[in-house]
Each structure stands twice: as C-alpha cells, then as structure tokens.
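Participant: Before I ask anything, let me first share the structure, which is written out below as structure tokens.
The values are calculated or read from the model by the stated rules, or taken from the named source; none is laboratory data. Small disclaimer: the values here were computed from a predicted structure and weren't measured. Positions of Cβ are generated from backbone atoms using ideal geometry, with glycine treated the same way; all protein chains shown enter the neighbour counts. Just so you know, the surface numbers come from the protein's heavy atoms only, side chains and all, with ligands and any DNA or RNA stripped out. Shrake-Rupley method; radii C 1.70, N 1.55, O 1.52, S 1.80 Å.
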Amino acid sequence: MLTNRINALSESITIAVSTLAQELKAEGKDILSFSAGEPDFDTPQVIKDAAIAAINSGFTKYTAVDGIPSLKEAIATKLKRDNNLEYAPNQIITNNGAKHSLFNLFSATIEDGAEVIIPAPYWVTYPELVKYCGGKPVTIQTDDSSGFKITPKQLQDAITPQTKMLILTTPSNPTGAVYSKAELTALADVLKGTDILVASDEMYEKLTYEGEFTATASISEDMFKRTITINGLSKSVAMTGWRFGYMAAYDTELIKATKKLQSQSTSNINSITQYAAIAGLDGSADDDIAMMKKEFIKRRDEAVKLFNEIDGLSVLKPDGAFYLFVNIKEVSNDSLTFSQELLKNKGVAVVPGVGFGSEGYFRFSFATGIATIREGIKRIDDFVQEVKTK
Ligand code: PMP
Ligand code: GLU
C-alpha cells in the first residue's frame, strides 16, 4: 500500500528519542532528558502579546501564501540589519518551520539522482529529505580534530558533475561548530565557476557564543547568488511550537516555485504566528534573546568542564547552538547501544551519534536547567565507569 519512497524514509531520531523519554517520564520513571533540540525557555511575552493582539483584531483568516507583507518586510529588515543582505519581498517566503523550508527547497531543486553534499555529523533531517526528493546524499565526514568543519579540499573532492547542492549549517546541530568568515570564503572559492547551490541553515545564528556569526550569502556576490538562506525563530526566541521558518534566495523563480508548491499543499502559515513572528524579528525580543544566550553560555561552560573531567569521555567547547557532541570512542564504538543502555540503566536520554552520521559520539542538549545538567552528567559518569570495568 505504501510507496517505496515513504518506506525508505526514517523517522527523525531526535524526535523519537525525546518522545520516548517523555513517555517513560509519564509512566513515572526517573528520566533526565538531554535529547530535545528545543529551548526550555518560554516564548517571550512581547511575542505572545503580538499574537493575542492579532487574535483580538480578527487576523484569523487565510493570508498570502508566502506571508503577510509586513512580516516579509520584517524578515528583509532583519537580513539587512544583522547580515548585511539585501533581499526584496519576492525573494523571501515564510514556511511552517525551517524544516518545511528545507522540504520545499529540496522539492523544487533536487532532480532524481542529483547529489547533495552534506557535511557529517549532520542534522538528521537533511539526508532523509534529500532521499525523499529523489536526491543522493553525499556525506563529508568530519571529527573533533577539525572542529567538525569541512575543509576546502574535502569539498573539492566531493564535487562531481552530478553535484546540485551543498548544505551548510552554521552554527551546527549537532556539534555547535561555527564557520568563520575566512573558512566560508575558502569554501566559496571552491564553488566559484560551478552552478552548485548552497543551502545555508542558520537556525542557531542568534546562539553564537564565540567569534562573530557570518551569513554564508554575505561572503561575496557569487555566494549571494548561489545561496539559499534558511532561518526561523524556533531556537532564538523559543518558538518551536508556533511553526515559523523562512527562506531567502536571490533567484525569484525559485521562491515562486516553492510558493506554488506551498499554495497546493499547506498554504499560508498560521496567521497568528505571522503577527507574533514580527515581534520576534524586529528587535522587540532582543533583551529576552540576550538573557537566554547568557544562560546557555553558563550551562555550556559548566557541562563542558564536567564532561572533560570524566575518564573516558571528551568534548569540544561548541561555539554556538545548545548541543555538545561528546566523544565516547574510548568506551564504545556503538553509540546506539550505548545510548539505549544509558537510558535503561541510568534514566538519561541522549541522542546516539550514529543518527547524525557519526559513530562514536552522542549528542547532549544543554537546553535544560543547570541542576538537571549536573545530575545527568553525574549519572553518565557512573555509567561510563561501569562500562569501563565490565
Ligand atoms: N535546522 C536545524 C539545524 C535544526 O536543528 C532545526 C531543529 N529543529 C531546524 C532546522 C528546524 O526547525 P523548525 O522546523 O522548528 O524551524
Ligand atoms: N531539530 C531539533 C533536534 O535536533 C528538534 C527535533 C527535530 O526537529 O528533529 O532535536
């Protein structure tokens, strides 16, 4: 009854692990979950107020498929203010979360057999959506020795005549790696003279802790033309449930094509979310963003210190996002079994590295309170010492 395409699609492992942790918790088990890619903060009040005002004003009807003009303007202003990128409204479309932006983008650009270069460890969704759209994921493996970043040589070696697109995530989920301007420029040099597109997923932009965030499209005129910028508000202002993401591209035909697909599938995103999103983009929530960022830095520093004190584990200090990608190679080369046993024996949920295309690691989200982080890492330490003496 089901298509081969849907049968070949894997469920999102990040969602699967956090759902399992929630279920075990609901059964009354003592579970500490570090699996969710979701801030534990509430959505800022100024955003909620904008949503309430929208409801009270009756903004509860269908809107333009690509988004209300004031929202698209707010996105254009944000891209200019924060990233020095000049996009007109017809170069922008809003979607039901950045995941939806990616789905629309791949649907519009990936022909059967087209190769998409994906640096690993990668966010779980990329290869699955690429395959679903008929493309072939081509991974470039990185590890802690290169700070989980690809080199220009690796990129060059991965390119074939079938290469359609490169996906870059900065800051990265699951490693928190952030590409510097110099690193992006060096990658851009490799792409010069090709017609390879770049999908730049910048969801964690506002959660850059070290150095300066650089938007991929801002590197050069050449990069501006080939890059599709994907961003949203799920992580920066804790709006995961509201479903808001957007895509900006130089090519107005591409935006038009994704608008056509959206007009026949999901239509406009929730009208109330659109009004709320303006308040998330226009600077009204900047104090809230600063508060969350400060808290994330505190947690990151503490968690990195505690993990590196554990005999058998090591972790790099991430420059952005809210994940640690913890190296377990001294203890295990099977991250799935490691994570399952950790959950069963110690009630601690983490996501196995294999789900992100990199064996020998697990992802630990520090988007949770500091006391929980301390207790969780203590349990992980106990577990690791038990495994080592077995
Ligand atoms: N990109 C990255 C790198 C992510 O981690 C996420 C996580 N949820 C998304 C995109 C999608 O976010 P959303 O659909 O909530 O906008
Ligand atoms: N992106 C988040 C994560 O990596 C949320 C779950 C998902 O959408 O896959 O955990």
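Participant: Starting from residues that are under 23 Å from the mean Cα position of the chain (by Cα), open to solvent by 10 Å² or more (accessible area, probe 1.4 Å) and farther than 19 Å from A321 by Cα, keep the ones in the stretch 343-383 and report whichever is nearest to ligand 2 (Cβ to nearest atom).
Facilitator: V354
Participant: To continue, here is another question. Please work out if K293 is at pLDDT 95 or above and more than 20 Å from K72 (Cα to Cα).
Facilitator: Details: at pLDDT 95 or above: yes; more than 20 Å from K72 (Cα to Cα): yes.
For K293, the condition - at pLDDT 95 or above and more than 20 Å from K72 (Cα to Cα) - is met.
Participant: Here is a follow-up. Taking the options P39, P44, name whichever one is out of contact with any strand residue (DSSP E or B) (no Cβ under 6 Å at 6 or more places or on another chain), within 14 Å of ligand 1 (Cβ to nearest atom) and open to solvent by less than 30 Å² (accessible area, probe 1.4 Å).
Facilitator: P39
Participant: Exactly one of these conditions fails for S236: (1) away from ligand 1 (no atom under 16 Å from the Cβ); (2) more than 24 Å from E115 (Cα to Cα). Give me its number.
Facilitator: (1)
Participant: Starting from residues that are buried (at least 24 other Cβ atoms within 10 Å of the Cβ) and closer than 19 Å to S145 by Cβ, keep the ones in the stretch 172-186 and report whichever is farthest from ligand 2 (Cβ to nearest atom).
Facilitator: Only one residue fits best here, namely Y179.
Participant: Sticking with this structure for a sec: Grab the helices (runs of 4 or more DSSP H) fully contained in the stretch 112-212, keeping just those with 2 or more residues being under 22 Å from T14 (Cα atoms).
Facilitator: 125-132
Participant: Within the set of pairs 6+ apart or on separate chains, which have a first residue in the stretch 173-187 that is within 11 Å of F322 (Cα to Cα), a second that is more than 16 Å from ligand 2 (Cβ to nearest atom) and of a type outside the set (D, E), and C-beta atoms under 6 Å apart?
Facilitator: Qualifying pairs under 6 Å: A177/G147; A177/K149.
Participant: Which one is most open to solvent (accessible area, probe 1.4 Å) among residues in the stretch 318-342 that are hydrophobic (A, V, I, L, M, F, W, C) and in a helix (DSSP H, G or I)?
Facilitator: L336
Participant: I'm trying to understand the selection: among the residues of the stretch 19-36, which are in contact (Cβ under 8 Å) with a residue 40 or more places away in the chain, surrounded by 15 or more Cβ atoms within 10 Å (Cβ to Cβ) and over 17 Å from R243 (Cβ atoms)? If you could, list the steps in order and put the result at the bottom.
Facilitator: Restricting attention to the stretch 19-36, the residues satisfying the condition of being in contact (Cβ under 8 Å) with a residue 40 or more places away in the chain are 20-21, 24, 29-36.
Now narrow it down to the ones that are surrounded by 15 or more Cβ atoms within 10 Å (Cβ to Cβ): 20-21, 24, 31-36.
Correct list: L20, A21, L24, I31, L32, S33, F34, S35.
Participant: Can you name every residue in the stretch 125-146 that is open to solvent by 10 Å² or more (accessible area, probe 1.4 Å), within 16 Å of ligand 2 (Cβ to nearest atom) and among the aliphatic types (A, V, I, L, M)?
Facilitator: L129, the sole residue that qualifies.
Participant: Name the single residue, out of those in the stretch 62-80 being in contact with a helix residue (DSSP H, G or I) (Cβ under 8 Å, 6 or more places away or on another chain) and in a loop (DSSP other than H, G, I, E, B), that is surrounded by the fewest Cβ atoms within 10 Å (Cβ to Cβ).
Facilitator: Taking the candidates together, the pick is Y62.
Participant: Another question, then. Could you tell me how many of the residues in the stretch 7-61 are among the aliphatic types (A, V, I, L, M), more than 11 Å from ligand 2 (Cβ to nearest atom) and either at pLDDT below 90 or not in a loop (DSSP other than H, G, I, E, B) (or both)? Please lay out each step first, then the result.
Facilitator: We begin by selecting, within the stretch 7-61, every residue among the aliphatic types (A, V, I, L, M); these are 8-9, 13, 15-17, 20-21, 24, 26, 31-32, 36, 46-47, 50-55.
With more than 11 Å from ligand 2 (Cβ to nearest atom) added as a condition, the list becomes 8-9, 20-21, 24, 26, 31-32, 46-47, 50-55.
Next, from what is left, pick out any that are either at pLDDT below 90 or not in a loop (DSSP other than H, G, I, E, B) (or both): 20-21, 24, 26, 32, 46-47, 50-55.
So the answer is 13.
Participant: Among the residues of the stretch 196-218, what is the count of those that are more than 11 Å from the chain's Cα centre (by Cα) and open to solvent by less than 30 Å² (accessible area, probe 1.4 Å)?
Facilitator: Qualifying residue count for the region: 10.
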